[in-house]
Number of protein chains: 2
Amino acid sequence: MYVSVSRLRVEPDHSAELIDAFRSRAHLVEAFDGVEGIEVWQSSTDPSEVLMVSHWRDRAAFSAYMESREHRLSHDRIDHALAETIVLERLEHLTGYEVVAR
Amino acid sequence: MYVSVSRLRVEPDHSAELIDAFRSRAHLVEAFDGVEGIEVWQSSTDPSEVLMVSHWRDRAAFSAYMESREHRLSHDRIDHALAETIVLERLEHLTGYEVVAR
């Protein structure tokens with residue numbers, strides 16, 4: 001199993017907006033082959049740190065999603081003003097992990 | 001829901017040993033009130049980065065476990081030589097997150 005972690009840095013008021021946007025998302029990714037769960041984590045000590053964490057069958061499934069129409073559509077649905085804020089404020093960092101034990 | 005992330009930095013050969021030790025653990029934590037899953041992640045790009053990720057009902061459940069006999073017993077079971085290696089090599093960093101959306 002593969003985990004993708006995308007680390008966003010957003011101002012506290014915008015992080016609430018970002019979380020709301022995620023909660024009302026179209027859930028296109030959940031229908032994609034190989035996805036096993038998506039969560040949004042907010043740091044207990046620093047609300048500006050928000051992580052998007054997704055579990056996949058393997059790295060190939062994640063890569064296929066990243067190149068898919070569904071991924072593009074998900075991003076197109078984000079409110080334009082919010083997207084610009086995130087882009088301006090974020091220090092995005094995408095990391096991948098293998099789940100080696102559970 | 002609360003997530004605890006413990007980041008360990010171990011030499012590649014010792015990371016395999018650490019993962020084996022986790023796989024053969026006593027599973028004491030799984031019986032603890034409030035735990036909802038434990039995973040070990042190994043970075044795809046840097047095998048020396050190993051994360052222990054655990055999900056909890058809430059932060060209070062995690063705190064109760066950290067102070068428990070079960071937690072102490074789990075650590076006492078780790079091979080002494082391995083434990084010393086991890087202690088010497090690690091740059092441990094413990095962070096907590098609220099799961100704000102799924």
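The numbers here are math on the coordinates, done by the rules we state, and not lab data. This structure is a prediction, so every number in the text was calculated from the model and none was measured. FYI the Cβ positions are ideal-geometry reconstructions off the backbone, even for glycines, and counts take in every protein chain you see.
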- Query: Three principal axis extents, largest first, for the C-alpha atoms of segment A:2-94, in Å?
  - Reply: 34, 27, 20
- Per-copy distances of the B:ALA26 label point, shortest first, in nm (7 angstrom along Cα→Cβ): 5.1
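Count neighbours as other Cβ atoms within 10 Å of each site's Cβ, and list the GluC sites (Glu not before Pro) in segment A:21-79 that are DSSP loop with at most 16 such neighbours.
Details: sites: A:GLU30, A:GLU36, A:GLU39, A:GLU49, A:GLU67, A:GLU70; in loops: A:GLU67.
Taking segment A:21-79 and a limit of 16 other Cβ atoms within 10 Å, the loop GluC sites (Glu not before Pro) found are A:GLU67.
Can you give the helix-only mean residue ellipticity at 222 nm for the protein assembly as shown, where every DSSP H stretch with n ≥ 4 adds -39500 (n - 2.57) and the sum goes over all residues, rounded to the nearest 500 deg cm²/dmol?
Values: 8 runs with 77 residues, N = 204.
Result for the protein assembly as shown, helices only: -11000 deg cm²/dmol.
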- Sort B:SER74, B:SER63 so that the residue with the fewest other Cβ atoms within 10 Å of its own Cβ comes first and the one with the most comes last. B:SER63, B:SER74
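Dipole magnitude of the protein assembly as shown about its Cα centre, charges +1 at Lys/Arg Cβ and -1 at Asp/Glu Cβ only, in debye to the nearest 20?
Working: 22 positive and 38 negative charges, 60 e Å.
Taking the Cα centre of the protein assembly as shown as origin, the dipole is about 280 debye.
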- Message: Using a 10 Å cut-off around each Cβ of peptide B:21-31, what is the average number of partner chain Cβ atoms that fall inside?
- Response: 1
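Compute, for chain B, the length of the dipole vector about the Cα centre, with Cβ point charges of +1 (Lys, Arg) and -1 (Asp, Glu) only. Units Debye, rounded to 20. It would help to have the intermediate numbers written out before the result.
Details: 11 positive and 19 negative charges, 64 e Å.
Rounded to the nearest 20 debye, it is 300 debye.
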- Message: Positive end of the dipole of chain B, charges at C-beta (+1 Lys, Arg; -1 Asp, Glu), about the Cα centre: which of B:LEU28, B:VAL50, B:HIS14 has its Cα farthest in that direction?
- Response: B:LEU28
- Message: Give me the one-decimal nm value for the distance between modelled label points at A:MET66 and A:SER24, 7 Å along each residue's Cα-to-Cβ direction.
- Response: 3.0
- Sorting B:TYR65, B:TYR97 on the 10 Å Cβ count, fewest up front, what's the list? B:TYR65, B:TYR97
- 5 Å-binned pair-distance histogram of the protein assembly as shown (Cα, whole percent): 1, 7, 13, 18, 18, 17, 12, 7, 5, 2, 0
